[in-house]
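Visitor: Have a look at this one.
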Amino acid sequence: MGGVSNRPWRARVAVAALTALLVSGCSGGSPRPAPTPSPAASSVPAAPPAGDPASRAAALVTTLSDEDLVGQVLMPYAYGDSATKVSAGSAAGNQALAGVDTPADMIAKYRLGGLILVGFSADDPTKGNQETTNVDNPKQVHELTTGLRTAAGRLAAGSAPLLIGTDQEYGVVTRVTDGVTVLPSALAAGAAGDPKLTEAAWRAAGTELAAMGINIDFAPVADVLATRSTVIGSRSYGTDPKQAAAQVGGAVRGLQAVGVAATLKHFPGHGHSADDSHQDLPVLTQSAAALQSGAWPPFTAGMDAGAMAVMSGHLDARAIDPGTPATFSHKLLTDVLRGQLGFKGVVVTDGMNMPPAKRWAPGEAAVRALNAGNDLILMTPNVGQAYDGLLAALRGGSLPRTRLVEAVTRVLTMKFQLAELPAAQMSTLNTPAHRAAADALAAAAVTVLRGACEKAARGPITVTSSGGRDGTRATLTAALTAAGVQVKPSGGTIVHLVGYGDGASDLRPDAAVTVAMDTPYVLADAKSPTLLATYSSSRASMTGLAAVLAGKARPGGRSPVTVPGLPATTCRT
């Protein structure tokens with residue numbers, strides 16, 4: 001699954017979809033009578049179909065009712081950190097979202113194909129559509145996913161494992177942070193410039209996701225950072241399409257080698273606009289040719305590495321389908337992504353609770369997204385309305401049965417393919433080997449943009465930072481101490497840390513060393529004689545920084561973005 005091109009798999013999916021469509025066509029395509037969906041109405045799961053994933057999907061899809069088909073294309077979020085026992089507040093949230101009390105009830109009532117685990121932190125640019133938090137620690141996540149799968153196993157489609165996903169990009173968008181191996185950001189990997197290190201780190205991280213019961217990661221970000229986009233920023237591998245493409249391929253291979261589906265996002269390229277789709281509809285003003293050469297190479301590289309999914313973005317590509325968000329654009333998703341670029345896997349929407357998608361009611365938005373070419377509807381703002389809208393459209397003819405069957409066949413094929421690899425045990429979390437993979441990637445990323453490449457700081461060190469970064473200061477202090485460097489609360493050589501969201505006012509004029517832990521643009525205003533970039537504030541990044549400051553490692557990173565007035569590195573390679 002890992003390093004093999006997905007083109008043969010694409011062909012198998014196409015055959016399976018065609019088989020399912022032909023079977024559906026022979027049945028006449030008339031709506032099947034079914035009771036109102038409820039937990040008690042779900043069918044008893046049939047015996048698991050035999051054969052390869054595509055054949056199993058094609059066989060299973062012919063047995064599903066209208067209600068089952070509709071449920072399989074929905075992947076909402078839910079309130080609560082347990083599948084069956086939630087607080088009164090979480091029950092109220094689930095009632096407003098879906099008319100049920102618990103996540104397990106939601107799966108049963110709507111025959112769901114998947115569920116996304118959500119959460120947010122202070123430095124998270126996606127927090128605007130994270131309505132709740134249901135991840136805390138690995139043990140809790142594992143218990144939650146086990147309960148969710150138990151509920152899904154009772155469905156008619158229960159032989160295909162429930163999709164459980166999250167946005168584990170690493171860097172500023174990281175849902176599970178405690179007790180797991182945390183990689184440096186994508187931009188750090190771009191600075192390191194070694195796809196093999198990226199692949200090894202993502203394989204370690206994917207192993208841990210699978211152990212917790214997560215089988216689809218909404219990562220890696222394949223967006224090229226063509227603008228100073230704050231919403232994409234260090235989530236991107238950089239400004240060079242070819243270099244970013246190599247990194248995306250490495251991340252995909254690492255994840256999928258251990259049974260976690262990779263998702264390339266956000267097609268057709270969020271990094272080509274500086275605007276934030278969590279607030280409005282960003283406009284891509286580039287020509288189609290410019291997008292093809294400047295935005296799409298990481299997507300095609302990810303596809304060739306075997307990526308099972310692509311996320312459509314709420315983006316207005318004026319040169320291709322002006323005024324229509326890509327999420328709802330048949331031209332972009334069907335003509336370009338599937339036709340021109342040849343992708344045959346699962347297309348999943350970006351969060352449908354984001355403003356560009358909420359211009360339509362949840363039911364209509366879901367129908368429009370599916371008709372455009374999406375196969376999974378992610379994070380609808382109202383599960384019941386989306387479900388009812390899809391079911392009514394199917395029975396009324398505005399959602400062709402062939403389109404729905406095609407989508408479900410793709411989703412089921414991916415599920416069965418993911419089930420072929422057994423998940424690792426929880427004991428694999430945060431092991432020395434996994435931490436070493438993260439450390440190697442982070443250490444290779446450390447970049448000197450001004451100053452000498454040898455020992456970056458002399459004598460005792462005093463670590464300072466912009467506001468709210470006490471934890472990062474403590475992490476760096478511990479790493480410096482372990483490296484044999486004396487750290488003083490004051491009076492030492494000042495090493496000043498800045499990170500996500502910081503600007504010129506957060507710099508310290510008297511700092512001997514200024515370190516950028518997110519995009520390094522802020523360093524253009526820094527007066528320090530030595531400027532470093534780690535692109536990330538993870539433990540691994542602080543360990544790598546400490547080695548450089550202590551003179552025990554030579555910084556080999558090159559900035560993957562251009563910082564005015566500064567070179568990509570002052571170190572010779």
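The values are calculated or read from the model by the stated rules, or taken from the named source; none is laboratory data. Every value quoted in this text rests on a predicted model; they were computed, and no experiment measured them. Quick reminder, even Gly has a Cβ in these numbers, built from the backbone with ideal geometry, and neighbours come from all protein chains shown. These area figures cover heavy atoms from the full protein model, side chains too; ligands, DNA and RNA do not enter into them. Shrake-Rupley method; radii C 1.70, N 1.55, O 1.52, S 1.80 Å.
Visitor: Could you go through segment 269-284 and let me know if any residue there is of a type in the set (Ser, Thr, Tyr), touching a Gly at 6+ places or on another chain (Cβ under 6 Å) and outside any strand (DSSP E or B). Don't jump to the end; show me each part of the working.
Guide: Taking segment 269-284 and keeping what is of a type in the set (Ser, Thr, Tyr), we get 273, 277.
Pick out the ones that are also touching a Gly at 6+ places or on another chain (Cβ under 6 Å) and you get none.
No, that holds for no residue.
Visitor: Which condition number does GLY29 fail, the rest of (1) under 20 Å from PRO161 (Cα atoms); (2) at pLDDT below 95; (3) touching a Lys or Arg at 6+ places or on another chain (Cβ under 6 Å) being met?
Guide: Every condition holds for GLY29 apart from (1).
Visitor: Does ALA423 fit the bill of being open to solvent by less than 20 Å² (accessible area, probe 1.4 Å) and part of a loop (DSSP other than H, G, I, E, B)?
Guide: Against the criterion (open to solvent by less than 20 Å² (accessible area, probe 1.4 Å) and part of a loop (DSSP other than H, G, I, E, B)), ALA423 does not qualify.
To keep it simple, each residue is scored yes or no on (1) acidic (Asp, Glu); (2) closer than 25 Å to ARG203 by Cα; (3) under 24 Å from the mean Cα position of the chain (by Cα).
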{"site": "VAL348", "(1), (2), (3)": "no, yes, yes"}
{"site": "MET352", "(1), (2), (3)": "no, no, yes"}
{"site": "GLU364", "(1), (2), (3)": "yes, no, no"}
{"site": "GLY373", "(1), (2), (3)": "no, no, yes"}
{"site": "VAL383", "(1), (2), (3)": "no, no, yes"}
{"site": "ARG401", "(1), (2), (3)": "no, no, no"}
{"site": "MET414", "(1), (2), (3)": "no, yes, yes"}
{"site": "GLN417", "(1), (2), (3)": "no, yes, yes"}
{"site": "LEU421", "(1), (2), (3)": "no, yes, yes"}
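Visitor: Which of the residues spanning segment 171-200 are more than 22 Å from PRO555 (Cβ to Cβ), hydroxyl-bearing (Ser, Thr, Tyr) and open to solvent by less than 10 Å² (accessible area, probe 1.4 Å)?
Guide: Scanning segment 171-200 gives a single hit, THR181.
Visitor: Pull out all pairs, ordered by first then second residue, where Cβ-Cβ is under 6 Å, the residues are six or more apart or on different chains, the first lies in segment 284-310 and is in contact (Cβ under 8 Å) with a residue 24 or more places away in the chain, and the second is of a type in the set (Gly, Ala, Ser) and open to solvent by 40 Å² or more (accessible area, probe 1.4 Å).
Guide: Close Cβ pairs (under 6 Å, with a partner that is of a type in the set (Gly, Ala, Ser) and open to solvent by 40 Å² or more (accessible area, probe 1.4 Å)) amount to SER287/ALA319; ALA288/ALA319; ASP304/SER5.
Results for (1) surrounded by fewer than 15 Cβ atoms within 10 Å (Cβ to Cβ); (2) within 27 Å of the chain's Cα centre (by Cα), shown as yes or no for each residue.
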{"residue": "GLY499", "(1), (2)": "no, yes"}
{"residue": "MET517", "(1), (2)": "no, yes"}
{"residue": "LEU523", "(1), (2)": "no, no"}
{"residue": "SER528", "(1), (2)": "no, no"}
{"residue": "ALA533", "(1), (2)": "no, yes"}
{"residue": "ALA540", "(1), (2)": "no, yes"}
{"residue": "LYS552", "(1), (2)": "yes, no"}
{"residue": "PRO555", "(1), (2)": "no, no"}
{"residue": "LEU566", "(1), (2)": "no, no"}
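Here's the yes/no breakdown for (1) assigned to a loop (DSSP other than H, G, I, E, B); (2) hydroxyl-bearing (Ser, Thr, Tyr); (3) farther than 21 Å from ILE164 by Cβ:
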| position | (1), (2), (3) |
| --- | --- |
| PRO356 | no, no, yes |
| GLN385 | no, no, yes |
| ASP388 | no, no, yes |
| LEU391 | no, no, yes |
| SER398 | yes, yes, yes |
| ARG410 | no, no, no |
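Visitor: Can you pull out the helices (runs of 4 or more DSSP H) entirely within segment 182-256 that have at least 1 residues that are closer than 30 Å to ALA290 by Cα and of a type in the set (Val, Ile, Thr)?
Guide: Because the criterion is at least 1 residues that are closer than 30 Å to ALA290 by Cα and of a type in the set (Val, Ile, Thr), the helices (runs of 4 or more DSSP H) in segment 182-256 that meet it are 195-212, 241-256.
Visitor: How many of the residues making up segment 345-370 are open to solvent by 20 Å² or more (accessible area, probe 1.4 Å) and under 22 Å from VAL221 (Cβ atoms)?
Guide: 1
Visitor: Looking at VAL252, VAL258, VAL248 in this structure, which one is of a type in the set (A, V, I, L, M, F, W, C) and open to solvent by 10 Å² or more (accessible area, probe 1.4 Å)?
Guide: Working: VAL252 fails: open to solvent by 10 Å² or more (accessible area, probe 1.4 Å); VAL248 fails: open to solvent by 10 Å² or more (accessible area, probe 1.4 Å).
After applying the criteria, what remains is VAL258.
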